[in-house]
Amino acid sequence: MEVSLAVEGQRRPLPATVERTAYRLVQEALTNVHKHAAGAATEICLKYQAKRLEVIVRNARPATAPDPSLTLGDQRARPARPSGADHAAGRQLPRRPAPRRRLRGARLDPHAGSGVIRVLVVDDEQLVRSGLRMILQSSGDIEVVAEAPDGVQAVEQVRLHRPDVVLMDIRMPTMDGLAATRELTALPDPPKIIVLTTFELDEYVHTALQHGAVGFLLKDTPPRDLLQAVRAVAAGNAMLSPTVTKRLIAEFAARGGAQALRARKQLEALTEREREVVVAVAQGLSNAEIGKRLFMSEATVKAHVSRVLAKLGMSNRVQAAILAHDAGLLN
């Protein structure tokens with residue numbers, strides 16, 4: 001397939017949502033040319049303007065013209081577009097016999113909704129960051145918007161890019177993951193934070209969860225599990241992996257003593273039903289699974305969880321799970 005590319009205006013990096021949308025529009029247009037005008041030479045033109053990118057895909061009429069009812073302008077399929085995008089399709093250029101598809105104006109809005117999960121990777125080792133980026137970017141629905149080698153830059157990148165999820169290492173120079181987690185969770189509309197650890201009975205993880213992290217992953221987590229964890233956290237249904245959670249938090253709950261007494265005292269504010277919900281949360285059950293166990297609708301479970309967090313003065317269900325473990329409710 002003969003394809004030429006022309007670029008007008010000053011080429012520059014664009015927000016990832018714009019780049020992805022433009023790529024998919026061109027991809028669809030070329031697919032249509034291949035399907036309905038096989039052998040036709042095709043021209044792609046990218047016009048960089050002050051506040052928009054214009055994409056034009058135009059094909060010449062092939063030697064054997066296809067059925068005129070199957071021109072590009074007649075295609076019913078449309079790619080999903082970010083909010084604010086403005087497209088026009090199926091117009092003909094004046095005095096040009098070849099069909100043309102004109103795709104206008106994905107506006108340069110870095111936060112245009114596209115259903116893609118935006119992730120910041122924070123780790124002081126370049127190799128680890130590169131590996132995580134490669135795994136996440138391969139998913140198709142997860143995008144690494146930035147990387148940071150320490151907590152200070154992590155905070156800066158979050159303010160700049162507003163990611164949905166942060167994968168946060170613990171031991172880093174300048175500012176470690178604990179301090180960064182504390183700063184990030186104090187921001188308005190903070191990202192979901194997943195702590196990365198090698199699990200060497202690491203008390204840092206426990207502290208990070210208390211600071212508002214929504215979970216943790218081991219650095220040897222299989223790629224498929226990593227992607228599932230990021231999706232779960234971004235969806236707001238996150239809970240720590242039940243098996244790993246019990247191994248980690250049980251180490252701290254077993255200490256008992258004053259910590260356990262404080263936890264039990266704090267739980268006295270809950271009703272019996274709310275305590276049952278907390279136990280189920282600490283066991284890693286989703287809202288749907290809790291509803292099935294306790295014979296409640298999923299909406300009722302969500303209401304209970306929200307009420308429990310409000311009573312306990314907590315920001316997420318992971319903190320409630322830690323409290324349940326500390327109080328010995330799962331023993």
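Read-outs: derived from the displayed coordinates by stated rules, not from any lab. Bear in mind that the values here come from a model prediction, so they are computed numbers and not experimental data. All Cβ positions, even for glycine, are placed from backbone atoms using ideal geometry, and neighbour counts span all protein chains on display.
A few comments on the model shown:
- Overall dimensions of the stretch 117-238, expressed as equivalent-ellipsoid semi-axes from the Cα gyration tensor (√(5λ), whole Å, largest first), are 18, 16, 15.
- Note that the stretch 12-24 has calculated 3J(HN,Hα) couplings of 7, x, 10, x, 4, 5, 5, 4, 5, 4, 4, 4, 5 Hz, one per residue in order, obtained from phi through the Karplus relation 6.51 cos²θ - 1.76 cosθ + 1.60 (θ = phi - 60°); glycine and proline are x.
- Sorted by Cβ density within 10 Å, fewest first, the residues 226, 270: 270, 226
- Computed magnitude of the charge dipole of the stretch 1-58 (debye, nearest 20; Cβ of K, R +1, Cβ of D, E -1): 260
- Counting all C-alpha pairs of the stretch 1-64, share separated by more than 17 Å (%): 42
- Set 265/311; 192/219; 219/292; 219/311 screened for pairs whose C-alpha atoms are more than 24 Å apart: 219/292; 219/311
- Per-residue ³J(HN,Hα) for the stretch 269-275, Karplus 6.51 cos²θ - 1.76 cosθ + 1.60, θ = phi - 60°, Hz, x for Gly and Pro: 6, 9, 6, 4, 5, 5, 5
- For the stretch 253-326, radius of gyration divided by Kirkwood radius, i.e. Rg to Rh on alpha-carbons: 0.97
- Approximate spin-label separation residue 264-residue 294, in nm, with each point projected 7 Å along Cα-to-Cβ: 2.2
- Residues whose placed amide H lies under 5 Å from that of residue 215, excluding near-sequence neighbours: 195
- Take each peptide in 118-124, 286-292, 178-184, count the other Cβ atoms within 10 Å of every residue, and average; sorted highest first, the result is 118-124, 178-184, 286-292.
- Database remark: amide H of residue 142 closer than 5 angstrom to the amide H of 117 (H placed geometrically; neighbours at sequence offset of 5 or more, or on other chains; Pro and chain starts carry no H).
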